[in-house]
Amino acid sequence: GLFESGRNDPPSAPTRHNEGDRTLGFRILRHLGGESGVVGIISLALYVSVAWLLEMKYHVFDVDAVSRMANAFYVLYSRDPHLAAIGFVWNPLPSVSVMPLLLLKGLWFPLVSHNMAGALTSAVCMTGAVHQLRCTLREWGVLRAPRLVIVALFALNPMIVYYAGNGMSEALYTFTLLAVTRYLSRWITQDDLSSLVYAAAALGFAYLARNEAVSPALLSGFLVLCVSFF
């Protein structure tokens, strides 16, 4: 046929590339079918369902969450769209994180009218928090059964479930703090400098999400000094 090479032709670069693509695809499928993928998919499905119920069915609109979404809306759709329209009252990261979804408001207006943009962002961030906790426990050597029990107790905690679907900044803040814990622990146990860089970046994002990150930043800095010099 037109796209079929001869039997005696040497393997071409596109063939090797396709084989690599298939290998990458198999890796992705295997990852999704593994513990990490299953936990992530279940958590995301649960939190998105909670977000839908809170915002679309029961109309539970948290004022702070709506304000953060509104700040992002002003940046994109005000009479004078500019980044400073995000304001200087709230930390900027929660508002910045919903901007990509606000660009899709023409396809589904409840992203704006019912703050589904903020709620979906919270669901994704809390799913990331669950993932960070699971990875932390695995790196600590916790066996699968107790590890999954601890992850389930965290993921199904009523406050965690609520903040995973209400569009506020707690989900993003929790995700960044758990990332800090994971990478600081890895740096201490494995002396991996890149993990310390990841922890510092996560702390920066945590402060961009909530002012309360000042305390974890000070404690983390003190911990790094102690480990480094003693």
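Rule-based calculations on the coordinates, nothing more; no lab input. Predicted model, so just to flag it, every value in this text is computed and none were measured. Here the Cβ is made from the backbone with ideal geometry for all residues, glycine too, and neighbour counts use every protein chain on show.
Mind grabbing the base-10 log of I(q)/I(0) for the chain at q = 0.12, 0.16 Å⁻¹? Debye formula, identical points on the C-alpha positions, no solvent, two decimal places. Values returned for q = 0.12, 0.16 Å⁻¹ are -0.79, -1.13.
Could you tally the net charge around ARG134, taking each other residue with its Cβ under 11 Å from the Cβ of ARG134, Lys/Arg +1 and Asp/Glu -1?
Combined, the nearby Lys, Arg, Asp and Glu give +2.
Could you compute the net charge surrounding PRO146? Neighbours are other residues with a C-beta less than 13 Å from the C-beta of PRO146; K and R count +1, D and E count -1. Local charge sum for PRO146: +4. Report the local net charge at LEU203: Lys and Arg +1, Asp and Glu -1, summed over other residues whose C-beta lies under 15 Å from its C-beta. Around LEU203, the charge tally is +2. Structural descriptor for the chain: relative contact order 20 percent, calculated from alpha carbon pairs under 8 angstrom and at least 6 residues apart. Rounded, prolate or oblate for the range 121-217? Axes are the square roots of the Cα gyration tensor eigenvalues, ordered a ≥ b ≥ c, and the cut-off for rounded is a/c under 1.5. In terms of gyration-tensor shape, oblate. Each peptide in 33-40, 63-70 was scored by the mean count of other Cβ atoms within 10 Å over its residues; highest first, the order is 63-70, 33-40.
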